Protein chains: 2
Amino acid sequence: MDNNKIISSAVIRRLPRYYRYLGELMEGGIQRISSNELSTKMKVTASQIRQDLNNFGGFGQQGYGYNVKSLYDEIGKILGIDHTHNMIIIGAGNLGQAIINYKDFEKRGFIIKGVFDNDMKLEGKTISGVLVRMTDKMTEFIMENNIEIVALTIPKKCAREIGKIVADAGVKAIWNFAHTDLNLPDDVIVENVHLSESLMRLSYTIANKSK
Amino acid sequence: MDNNKIISSAVIRRLPRYYRYLGELMEGGIQRISSNELSTKMKVTASQIRQDLNNFGGFGQQGYGYNVKSLYDEIGKILGIDHTHNMIIIGAGNLGQAIINYKDFEKRGFIIKGVFDNDMKLEGKTISGVLVRMTDKMTEFIMENNIEIVALTIPKKCAREIGKIVADAGVKAIWNFAHTDLNLPDDVIVENVHLSESLMRLSYTIANKSK
DNA sequence: TAGATTGTTAATCGATTAACAATC
DNA sequence: TAGATTGTTAATCGATTAACAATC
């Protein structure tokens with residue numbers, strides 16, 4: 001595998017879905033699968049699956065197909081979920097709570113080390129076992145606990161400011177749920193989850209589907 | 001405008017973002033903008049903006065640029081948010097509550113008519129003014145209240161079953177937050193929000209960013 | 001070995017960018 | 001009118017699909 005090769009974001013976008021399907025095959029006790037069978041299940045072309053995987057190496061075997069477990073593990077490694085990531089949530093509202101309560105993230109190695117909010121009434125409380133801290137302790141906490149990822153589940157109006165603070169504190173990536181772009185330096189990774197945009201795309205499709 | 005022309009999903013994906021930037025310009029009192037100025041703000045090419053918009057008609061004026069308010073309105077129409085959509089939430093957990101509490105959806109015309117859950121303890125309670133009903137009343141409610149959109153904020157294991165029920169009840173679109181594909185007939189629109197996939201893409205970027 | 005299926009190259013298709021004539 | 005900026009065509013770039021030789 002050529003570590004310097006740049007993989008297109010179209011490929012990366014599909015990897016987690018492969019990972020999910022392979023996980024389900026494993027749960028179903030399936031040990032091998034061909035690109036053709038997988039393509040039928042996933043409603044993509046077999047060609048695309050083989051092209052995508054071969055960006056990272058030859059994981060299959062001619063005449064046999066792919067070993068489900070080992071392909072699953074390989075994709076896990078590629079996605080960087082073969083090791084843990086320390087994470088905090090900023091914003092203890094429903095969305096922040098939803099992320100904390102969804103235990104699968106933790107299973108995948110995303111360890112939630114704390115929740116931050118500026119509502120004094122929440123100080124010292126716990127949400128699903130995670131302690132709520134006040135926002136002014138954030139920078140110190142990030143540096144002392146080796147926090148890599150921040151989930152920003154706060155309103156748009158304060159998102160940029162907080163984004164800048166956590167970027168300065170040295171986090172590697174921000175998972176941004178605020179309905180705005182953060183405009184941070186390029187060395188900070190930002191993965192946006194813009195729910196309002198998702199809902200508008202859905203609305204577009206309702207308005208324009210042909211039949 | 002040619003109503004039969006099929007617009008690529010790459011274009012549709014960008015429209016809500018244009019809409020958001022135009023909204024912010026309006027709030028800032030800006031009345032006109034050129035594709036070039038907008039391209040700088042949004043970090044895309046001016047060419048792309050002009051190409052994208054011209055899929056739907058010539059909204060600009062040579063030598064002048066685009067009128068912010070009227071372009072905003074036009075994109076709103078294209079996205080189908082110039083009129084209301086009745087919506088229900090299935091799953092009264094944190095994620096469902098987050099959607100109900102986020103008042104901007106309602107402002108954009110997505111009217112939340114009810115929340116459904118199978119937890120008997122919640123029956124008759126309200127979440128931010130929206131009544132929680134039991135899942136067995138769902139089909140009847142959808143048909144009687146002209147529900148177009150269902151937000152599925154329930155665990156993966158029951159998502160497919162519920163998806164099928166609401167599709168049969170006649171909803172046009174499902175906003176799917178469950179970590180699975182729904183595999184419904186093509187006439188039901190499904191917009192997926194797979195948070196775990198988003199987080200894995202973020203993880204990939206952490207593992208593979210060059211500098 | 002024969003059959004199956006990958007890995008990979010070539011062909012096609014689509015999306016983005018560049019360029020510029022049209023026009024306000 | 002002159003300058004600015006669109007709308008639109010052409011050129012480029014990238015992603016997907018098809019095809020098939022390599023090989024298990």
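The values are calculated or read from the model by the stated rules, or taken from the named source; none is laboratory data. All figures in this text were calculated on a predicted structure; none of them were measured in a lab. Here Cβ is always computed from backbone atoms with ideal geometry, including for glycine, and neighbour counts include all displayed protein chains. When the accessible area is computed, the model is the full protein with side chains, heavy atoms only, and any ligands, DNA or RNA have been set aside. Shrake-Rupley method; radii C 1.70, N 1.55, O 1.52, S 1.80 Å.
Note on the protein assembly as shown: Cα-only Rg and Dmax are 22.3, 65 Å.
Simple rule: put +1 on each Lys or Arg Cβ and -1 on each Asp or Glu Cβ in segment B:1-136, find the dipole, and look at B:Asn55, B:Gly129, B:Asn101; the Cα lying farthest toward the positive end is B:Asn55. About the centre of its Cα atoms, the protein assembly as shown shows a dipole size close to 440 debye [charges on the beta carbon of Lys, Arg (+1) and Asp, Glu (-1) only; nearest 20 debye].
Dividing the C-alpha radius of gyration of segment B:85-211 by 2.2 N^0.38 Å, with N its residue count, gives 1.13. Per the accessible-area calculation with a 1.4 Å probe, the total area buried between chain A and chain B rounds to 5400 Å².
Per residue, the accessible area of chain B comes to 49 Å² when a 1.4 Å probe rolls over the protein heavy atoms. Taking the Cα centre of segment A:41-127 as reference, the dipole from Cβ charges on Lys and Arg (+1) and Asp and Glu (-1) amounts to some 280 debye. The rotation axis taking chain A to chain B passes closest to this chain A residue's Cβ, listed with the gap in Å: A:Asn94, 2. The C-alpha atoms of chain B define a longest principal axis, and helix B:68-78 lies at about 40 degrees to it. In chain A, a dipole from Cβ-located charges (positive for Lys and Arg, negative for Asp and Glu) runs towards its positive end, and of A:Tyr21, A:His194, A:Ala169 it is A:Tyr21 whose Cα lies farthest in that direction. Rounded to the nearest 500, the 222 nm mean residue ellipticity of chain A from helices alone is -13000 deg cm²/dmol, with -39,500 (n - 2.57) taken per DSSP H run of at least 4 residues. Paramagnetic label reach from B:Met143 (point 7 Å along Cα→Cβ; backbone nitrogen cut-off under 19 Å): within segment B:168-196, residues B:168-173, B:188. 7 Å from Cα along Cα→Cβ at both B:Asp104 and A:Ser34: what's the point-to-point distance in nm? According to this spin-label approximation, the distance is 4.9 nm. Comparing the full protein assembly with the isolated chain (1.4 Å probe, heavy atoms, ligands and nucleic acids excluded), the residues of segment A:35-79 losing at least 40 square angstrom of accessible area are A:Leu79.
If I fit a long axis through the Cα atoms of helix A:9-27 and take the longest principal axis of the Cα atoms of chain A, what angle between them do I get, 0 to 90°, rounded to 10? Relative to chain A, helix A:9-27 is tipped by roughly 80 degrees. Which shape class applies to segment A:26-162: rounded if a/c is under 1.5, otherwise prolate when a/b exceeds b/c and oblate if not, where a ≥ b ≥ c are the square roots of the Cα gyration tensor eigenvalues? Prolate is the answer for segment A:26-162, as a/c is 1.5 or above and a/b outweighs b/c. Relative to the other identical copies, B:Glu27 shows label-point distances of 4.0 nm, where the label point lies 7 Å from Cα along the Cβ direction and values run shortest first. Distance from the C-alpha centroid of segment A:58-85 to that of segment B:142-211: 25 Å, rounded to the whole angstrom. Around the Cα centre of chain B, unit charges on the Cβ atoms of Lys, Arg, Asp and Glu (plus for the first two, minus for the last two) sum to a dipole of about 880 debye. Taking a ≥ b ≥ c as the square roots of the Cα gyration tensor eigenvalues, with a/c under 1.5 meaning rounded and otherwise prolate when a/b beats b/c, else oblate, which class fits segment A:161-211? It is prolate, given that a/c is not under 1.5 and a/b is the larger ratio. A point 7 Å from Cα along Cα→Cβ stands in for A:Lys125, and the other copies hold the same point at 1.4 nm, listed in rising order. Based on the convex hull around the alpha carbon atoms, segment B:9-78 presents an average projected area of 4.2 nm².
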